[in-house]
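Participant: Sending over a structure as structure tokens; questions will come in a sec.
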Amino acid sequence: MTAQATAPSFSTLRYEEADRIATITLDRPDALNAFDRALKTELFAALKEAGRDRGVRVVILTGAGRAFCAGQDLRERTGEAVPSLAVELRERYNPLILAMRRLEKPIIGAINGVAAGAGASLAFACDLRIAAEGASFILAFGRVGLVPDSGATWFLPRLVGLARAAELAFTTDPLSAQEAERLGLVNRVVPGDALLEEARTLAARLASAAPLALGLTKRALNRSLEVGLEEALAYEASLQGIVGRSADHAEGVKAFLEKRPARFTGE
Ligand code: T3D
């Protein structure tokens, strides 16, 4: 266990860093961690911090209390001062989702409870999802007369197929963690009290892998969703040209031949 680094301070989330893992905990439990303006701003800043800090190799994203995230804070959507939702998405939610996909470090969503609306989108934007037994996903947008946003219409058909995505969006019925696992939307389901330990165990494994290779793998997987096979093959070759010259590749080969675990430095 390494000493905990000095973490930036936030008011709507907790940012903790230890053992090369940054854990971001959405921390507005009384509102089921719904996104108010401050949480969106701070989550964006926390992701930037995780990207900037070379000591961080993996991010865990979770929620405080009984929910993961209940989406947009609807208390901000009453009265005179309701902003244009198009502007809100362009300026706040969309940069957040893009920051998650562009962060070249794995993000593990530890889905501790309900993930609704943009909270579900946030879960979908993680690279891997481990869900607590009592967690659920709700495309709640339709319940308040909105369309799925923050990437939900993009991620969900790719994760579970078009028909399932349409059903979840049209009906807004909750999807249980168990059903989500069956559909391949979550990687595994664990008892609630084991969730963070499971996420940390997985994060520790990823934190000992070669960071450059992991980051470029995420980049290639992102890109694979947009391109044909020929372009994907060409891209893999160009990325392999980069990592093939890395000290970590040399170390991985050396460690294999010496029959010992590799010590990757990110160089
Ligand atoms: O607006 C834009 O910028 C566009 C982008 C939109 C993106 C979106 O996310 S739209 C969808 C917004 N989210 C929702 O519609 C979900 C609303 N919440 C719920 O449907 C339910 O709370 C849940 C199904 C998530 C959980 O239900 P339950 O019965 O377990 O809890 P509850 O009693 O409804 O909620 C507990 C408390 O959290 C309660 O506060 P109180 O009465 O104890 O003081 C409730 O008001 C609060 N809460 C839950 N969700 C939100 C919320 N407060 C503000 N905003 C919320 N989204």
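No value in this document is a laboratory result; all are computed from the given coordinates. These figures come from a predicted structure and were not determined experimentally. In this analysis, Cβ positions are derived from the backbone assuming ideal geometry, glycine residues included, and neighbour counts consider all displayed protein chains.
Participant: Explain nothing, just compute: Karplus ³J(HN,Hα) = 6.51 cos²θ - 1.76 cosθ + 1.60, θ = phi - 60°, for every residue of region 124-138 in order, whole Hz, x for Gly and Pro.
Facilitator: For region 124-138, the Karplus curve yields 5, 7, 6, 6, 9, 10, 10, 10, 6, 4, x, 6, 8, 10, 10 Hz.
Participant: A follow-up question, please. How high is the FRET efficiency between Arg77 and Ala220 when r is their beta carbon distance and R₀ equals 35 Å, given to the nearest 0.05?
Facilitator: FRET efficiency, Arg77 to Ala220: 0.35.
Participant: Using alpha carbons only, how many degrees (0 to 90, rounded to 10) separate the axis of helix 229-243 from the longest principal axis of the chain?
Facilitator: 60 degrees
Participant: Follow-up. Give the relative contact order (percent, whole number) for the chain; include only Cα pairs under 8 Å separated by 6+ residues.
Facilitator: 15 percent
Participant: Looking at region 1-88, which GluC sites (Glu not before Pro) are DSSP coil and have at most 16 other C-beta atoms within 10 Å of their C-beta?
Facilitator: Passing sites in region 1-88 are Glu80.
Participant: Within 10 Å, at most 16 other Cβ atoms, and a DSSP state outside H, G, I, E, B define an exposed site. Report the longest part of the chain free of exposed trypsin sites (Lys or Arg not before Pro).
Facilitator: 67-244
Participant: Above 26 angstrom, tally the Cα pairs of the chain and express them as a % of all pairs, no decimals.
Facilitator: Tail of P(r) above 26 Å: 43 percent of Cα pairs.
Participant: Just want the ordering: Cys126, Cys69, from fewest to most Cβ atoms lying within 10 Å of their own Cβ.
Facilitator: Ordered from fewest to most neighbouring Cβ atoms within 10 Å, Cys126, Cys69 come out as Cys126, Cys69.
Participant: Within the chain, how many lysine pairs that are 8 or more places apart, or on different chains, have C-alpha atoms less than 21 Å apart?
Facilitator: 5
Participant: Can you give me the Cα centroid spacing of region 54-104 and region 198-212 in angstrom?
Facilitator: Answer, in whole Å: 25.
Participant: Arranged by the count of other C-beta atoms within 10 angstrom, fewest first, what order do Ile138, Ile21 take?
Facilitator: The order, fewest Cβ neighbours first, is Ile138, Ile21.
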